[in-house]
Amino acid sequence: MPLYHRLSVWLTDTYLQDNDMEEEKRSCVLYYIENMLAGAGKILLVLITAALFGIFTETAAMLLSYTVVRQKAFGWHARKSLHCTLVSLLCFVFVPLLLQEVEWNRFLLVGIGLLSLTLSARYAPADTEYNPLVNRKFRRACKIKAVLLNAVFLLISVVLGFNQWFIFGPFLEAIVITPLFYSIMRRSYANYEQYQEC
């Protein structure tokens, strides 16, 4: 039994001692706790690896901005946890490691930020086969919030002297919501179209 699952079972049994909890509800609780623990473990691994390479601040800024925008823009997910971990290390540790010494032109950074904003306005939110976003009002609200969050991080970047990491995080998120990226990864796009909209 994997570590995250054992820990989820222990947390559920210890802190949610509801004998009347239906098995289906208990399974849902276990699923969400297990996913939260796995996500926290990946973030911790990425940040520790970044610290070992001396780029903790860069990775933290990029990861923070990416994660906040992703809460509303959604997007592609790796099919396996190991793949997710490897992609996370590649994107949030090795890309910043390669790009940290590059002198970025302010106009180029603003252009990347505006491109992220445009892609979010066009494609956010992007769903998955396992999480189709069927409700039209919910999708619209997510799109508006994703665009606003992109604008906020672009503004933060400018205020902080054109800090590129607050632009690269939303840009990475903008890439993983595009139909082209879904096509390259051989995943279906606009999965909500297969369902009756709410």
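The values are calculated or read from the model by the stated rules, or taken from the named source; none is laboratory data. Just so we're clear, the structure is a prediction, and the values are computed from it rather than from any experiment. We place every Cβ from the backbone using ideal geometry, glycine too, and count neighbours over all the protein chains shown. With ligands, DNA and RNA removed, areas are computed over all heavy atoms of the protein, side chains included. Shrake-Rupley method; radii C 1.70, N 1.55, O 1.52, S 1.80 Å.
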Assigned to a loop (DSSP other than H, G, I, E, B) and hydroxyl-bearing (Ser, Thr, Tyr), is that true of Ser188?
yes
Find all pairs meeting these conditions: Cβ atoms under 8 angstrom apart; at least six residues apart or on different chains; first residue within the range 95-115 and on the phi < 0 side of the Ramachandran plot and of a type in the set (Phe, Trp, Tyr); second residue at pLDDT 95 or above and surrounded by 12 or more Cβ atoms within 10 Å (Cβ to Cβ).
Trp104/Gln164
Going through the range 147-180 one residue at a time, which ones are in contact with a helix residue (DSSP H, G or I) (Cβ under 6 Å, 6 or more places away or on another chain), within 18 Å of Lys72 (Cα to Cα) and β-branched (Val, Ile, Thr)?
Val147, Ile167, Ile175, Ile177, Thr178
Going through Ile177, Ile167 one at a time, which residue ends up being open to solvent by less than 20 Å² (accessible area, probe 1.4 Å), part of a loop (DSSP other than H, G, I, E, B) and closer than 27 Å to Val95 by Cβ?
Ile177
Qualifying residue in the range 39-56 (condition: in contact with a helix residue (DSSP H, G or I) (Cβ under 6 Å, 6 or more places away or on another chain), within 18 Å of Pro170 (Cα to Cα) and of a type in the set (Gly, Ala, Ser)):
no
Would it be correct to say that Val152 is aliphatic (A, V, I, L, M), over 24 Å from Lys42 (Cα atoms), out of contact with any strand residue (DSSP E or B) (no Cβ under 9 Å at 6 or more places or on another chain) and in a loop (DSSP other than H, G, I, E, B)?
no
Among the residues of the range 100-130, write down those that are part of a helix (DSSP H, G or I), open to solvent by less than 50 Å² (accessible area, probe 1.4 Å) and out of contact with any Lys or Arg (no Cβ under 8 Å at 6 or more places or on another chain).
Leu109, Val110, Gly111, Ile112, Gly113, Ser116, Leu117, Leu119
